[in-house]
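Asks: Let me begin by handing over the structure; questions about it come next.
Every read-out reported here was derived from the displayed coordinates using simple, explicitly stated rules and does not represent laboratory data. Quick caveat, the model's predicted, so the values are computed rather than measured. Cβ: placed from backbone, ideal geometry, glycine included. Neighbour counts: every protein chain shown.
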Amino acid sequence: MGNDINRQVRLAARPTGTPGPEVWEHTSEAVPEPGEGRLVVRVSHVSLDPAMRGWMNEGKSYAPPVEIGAVMRALGLGEVVASNTPDFAVGDTVTGVLGVQEYVETGPQGLQKVQPTAEVPPERYLALLGMTGMTAYFGLFDVGALAEGETVVVSGAAGAVGSVVGQLAKIRGARVIGIAGGPEKCSWIVDELGFDAAIDYRTEKVSQRLKELAPDGVDVYFDNVGGEILDAVLARLAMHARVVICGAISQYNAEAGMAGPKNYMNLLVYRARMEGFLVGDYVSRWGEAGAELAGWLAEGRIHSREDVVDGTVDDFPDVLLRLFRGENTGKLVLRLQQA
């Protein structure tokens, strides 16, 4: 690829607690030519996701850990700039696991063509029209088995997945209570996204507010945070409730280890279930979900908010920390500016 340089961020050490600068190594190398049956993508957008924190840890999980010295794993979007495969042409826009780097030489497996427009910006394919939207859709409808008229509580409600979950629940005729941090986020999910109520966990006692807002109990709880908030909702379950475990961002940097739920026996008392899920298990049905989400978006029944930060790959470590400080509203994306 001529004299082009690929700047990258690699994992240099396993973090303890919040990942600091010592965890990362900033490297650069020449951009390779594509091998037989492969292609080169210039990365324009990097997705910032809470799951990244788990990928840094050593140990058994749903995905192998990022190896020390490897480019940090990340979903992304970019343009094909060289191709040795009939599956993709130069100029195609694609999404997939591209890594925290400016270019990637890769095979076609796992890449998906997308078509951004003036109305649908590229970053939306990392948000509502990408894995974020799929996670909300299948977590709420399949795992949560939501029925019309039920009461739904979602934590991390102003985040990427949570903000979509609440809107989907409203479309299906549910009553929705969102838990978020700060007055701006709480106002946004109620006034703009249509949630019925919001609880500010920073200034309000979640357990008390749940008693007031869900006197008959919670039918579906979509959990993105874990910890004390999970326990508070477990104390307010309705009969045959479903607790959907999507994530536990409040616990990811806990140096003493994750705190498990104390109120889990309510699952027995209320004949409820608590279930985790991976969106990748539903990949064969992403087409149907994507079509439905796109339809609701076009009709104005659902909104997608992308929190886009302009910078370079070197800014990735600092931008990632915004997730754990609760500074993002909607889907956090790093839009790469060419150095």
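Asks: Which peptide among 26-34, 316-324 comes first, and what is the full order, when sorted by highest mean count of other Cβ atoms within 10 Å?
Replies: Going by the mean number of other Cβ atoms within 10 Å, highest first, we get 316-324, 26-34.
Asks: Pick out, in residue order, every one of the GluC sites (Glu not before Pro) in the range 98-147 that is DSSP loop and has at most 15 other C-beta atoms within 10 Å; say none if there are none.
Replies: Passing both the DSSP loop test and the Cβ count: Glu119.
Asks: Here's another thing I want to ask about it. Please list, in chain and number order, the residues 5+ apart from Phe277 or on another chain whose amide H is under 5 Å from its amide H, with Hs placed from the backbone.
Replies: When sequence neighbours closer than 5 places are left aside, the close amide H contacts are Ile245.
Asks: How high is the FRET efficiency from Lys205 to Asp4, r the C-beta distance, R0 41 Å, rounded to 0.05?
Replies: Numbers: r = 55 Å, r/R0 = 1.34.
For R0 = 41 Å, the calculated efficiency reads 0.15.
Asks: In Å, what Kirkwood hydrodynamic radius results for the chain from the alpha-carbon pair distances?
Replies: Details: mean 1/r = 0.0481 Å⁻¹.
20.8 Å is the Kirkwood radius here.
Asks: If the viscosity is 0.692 mPa s and the temperature 37 °C, what Stokes-Einstein diffusion coefficient in µm²/s follows for the range 236-285 when Rh is the Kirkwood radius over Cα pairs? Don't jump to the answer; show the numbers that get you there.
Replies: On the way: Rh = 13.0 Å.
Rounded to a whole number, D works out at 253 µm²/s.
Asks: Grab the beta carbon distance between His303 and Gln109, set R0 = 45 Å, and tell me the FRET efficiency rounded to 0.05.
Replies: 0.90
Asks: Using a 7 Å offset from Cα along Cα-Cβ at Asn253, what residues in the range 14-42 end up with backbone N under 15 Å from the label point?
Replies: Residues passing the 15 Å test: 15-24.
Asks: For the chain, give the magnitude of the charge dipole about the Cα centre (Cβ charges: +1 Lys/Arg, -1 Asp/Glu; no others), in debye to the nearest 20. Walk me through the intermediate numbers first.
Replies: Details: 30 positive and 44 negative charges, 198 e Å.
The dipole magnitude comes to about 940 debye.
Asks: Moving to a separate point now. Using the Kirkwood radius over C-alpha pairs as Rh, can you work out the diffusion coefficient of the range 43-168 via Stokes-Einstein at 25 °C, viscosity 0.890 mPa s, in µm² per second?
Replies: Estimated diffusion coefficient is 149 µm²/s.
Asks: Separate question: Tell me what the chain gives for mean residue ellipticity at 222 nm when only DSSP H runs of n ≥ 4 count, each as -39,500 (n - 2.57), the sum divided by the residue total, rounded to 500 deg cm²/dmol.
Replies: Calculated at 222 nm, the ellipticity per residue is -5500 deg cm²/dmol.
Asks: With just the Cα atoms defining each centre, how far is the range 261-339 from the range 12-58? Give it in Å.
Replies: A separation of 19 Å, based on Cα centres.
Asks: Then there is this: Of Ala158, Asn224, Leu210, which is farthest along the charge dipole of the chain in the positive direction, counting Lys and Arg as +1 and Asp and Glu as -1 at C-beta?
Replies: Of the candidates, Leu210 comes out farthest on the positive side.
Asks: In the chain, what percentage of the DSSP-assigned beta bridges are antiparallel, given to the nearest 5?
Replies: 55 percent
Asks: Hey, another quick one. Taking 0.36 nm per intervening residue step and subtracting the Cα-Cα distance, what contour gain separates Glu327 from Thr85 on full extension?
Replies: 83.0 nm
Asks: Suppose R0 equals 51 Å. What FRET efficiency, 1/(1 + (r/R0)^6) with r the Cβ-Cβ distance, do Thr27 and Asp216 give to the nearest 0.05?
Replies: Efficiency computed from Cβ-Cβ geometry: 0.35.
Asks: What does the charge count near Val220 come to, summing +1 for each Lys or Arg and -1 for each Asp or Glu among other residues with Cβ under 9 Å from its Cβ?
Replies: -1
Asks: Taking every Cα atom in the range 131-280, find the radius of gyration and the maximum pairwise distance Dmax, and write them in Å.
Replies: 13.8, 41
Asks: Write down the percent of antiparallel bridges among all DSSP beta bridges whose residues are both part of the range 131-280, to the nearest 5.
Replies: Approximately 0 percent, going by the DSSP bridge assignments.
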